[in-house]
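Taking it in order: structure first as structure tokens, then the write-up.
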Amino acid sequence: MDKMETPDQTFTVSIFTENTIGMLNRITIIFTRRHLNIDSITASETEVHNVHRYTIVLKTTREKIDKVVGQTDKLIDVLKVFVHTDEEVVHQEIALYKIKTTGFKSNDVEQVVRQNSAKVLTVDADFIIIEKTGHKAETQVLFEKLKPFGILEFACSGRVAVTKPMKDLSTYLKELELN
């Protein structure tokens, strides 16, 4: 690494937009053009009517993320973009594990579920579904522990995050209206 280069770090980008068709595509194109790989992306409604949030997680340098945020902030229908480090957000992911019911018949699976603060959502004749909420590392640990029991399916959401040091969104929107 050159002396001038800074190491990649994880950033959480929160993009608040109006709910318009093609918005996600327009946002991700900006990241693609800069050759930035998105680790996870989630979209949801916010506490403000007709405002949606895209939460994007990626590893890059501060310089690159600042450029992407600047470009994204200029898009029509984007209300505001915020970028945060891991220390500035509270975040979780949800993971679902589908395993063979035969594995559940032994007490071993039940013990693994309890030890990892997970819960059983569904028990079927052929499979059970387990839910784990936590950081990516926690969901991966449970994945590794459940492997011996026969994982049939695994799905994990992207990061859902709220920021620690931020005014609420409605305050920012009021400030935008005044300008």
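Could you calculate the FRET efficiency of Thr102 with Ala137 from 1/(1 + (r/R0)^6), where r is the beta carbon distance between them and R0 is 30 Å, rounded to 0.05?
Numbers: r = 28 Å, r/R0 = 0.94.
Given R0 = 30 Å and the Cβ-Cβ separation, E is 0.60.
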Given a Förster distance of 30 Å, the FRET efficiency implied by the Cβ-Cβ spacing of Lys119 and Val162, rounded to the nearest 0.05, works out to 0.85
With the alpha-carbon atoms as the only input, what is the per residue convex hull volume for the chain in Å³? 164 Å³
How large is the convex hull of the Cα atoms of region 11-66 per residue, expressed in Å³ as a whole number? 75 Å³
Can you work out the base-10 log of I(q)/I(0) for region 51-140 at q = 0.14, 0.19, 0.26 1/Å, using the Debye formula on its C-alpha atoms alone? -0.68, -0.89, -1.33
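Between exposed GluC sites (Glu not before Pro) in the chain, where DSSP calls loop and at most 14 other Cβ atoms lie within 10 Å, what's the longest gap?
On the way: sites that count: Glu5, Glu47.
The longest uninterrupted stretch comes out as 48-179.
In Å², and per residue, what accessible area does the chain have when probed at 1.4 Å with the other protein chains present? Mind dumping the intermediate values first?
On the way: 10920 Å² over 179 residues.
Per-residue value: 61 Å².
Quick check: convex hull over the Cα atoms of region 93-133, volume per residue in Å³, rounded to an integer? Intermediate values should be presented prior to the final figure.
On the way: hull volume 2.0 nm³, N = 41.
Taking only Cα atoms, region 93-133 has a hull volume of 49 Å³ per residue.
Based on the Cβ-Cβ distance from Glu87 to Glu110, what FRET efficiency comes out when R0 is 45 Å, to the nearest 0.05? Display every interim value, and only then the final one.
Working: r = 36 Å, r/R0 = 0.79.
So the FRET efficiency works out to roughly 0.80.
Give a quick list of trypsin sites (Lys or Arg not before Pro) in region 1-103 that DSSP marks as loop, anything other than H, G, I, E or B, with at most 14 other Cβ atoms within 10 Å. If you can, show how the numbers build up before the last one.
Values: sites: Lys3, Arg26, Arg33, Arg34, Arg53, Lys59, Arg62, Lys64, Lys67, Lys74, Lys80, Lys98, Lys100; in loops: Lys3, Arg34, Lys74.
Filter output for region 1-103: Lys3, Arg34, Lys74.
Run the helix sum for the chain: -39,500 (n - 2.57) per DSSP H stretch of 4+ residues, divided by residue count, reported at 222 nm to the nearest 500 deg cm²/dmol.
On the way: 6 runs with 57 residues, N = 179.
Mean residue ellipticity at 222 nm (helix-derived): -9000 deg cm²/dmol.
The values are calculated or read from the model by the stated rules, or taken from the named source; none is laboratory data. None of the values given here were measured: they were computed from a predicted structure. Every residue, glycine among them, receives a Cβ derived from its backbone with ideal geometry; neighbour counts consider all protein chains shown. Side chains are part of the model used for accessible areas, which takes the heavy atoms of the whole protein and leaves out ligands, DNA and RNA. Shrake-Rupley method; radii C 1.70, N 1.55, O 1.52, S 1.80 Å.
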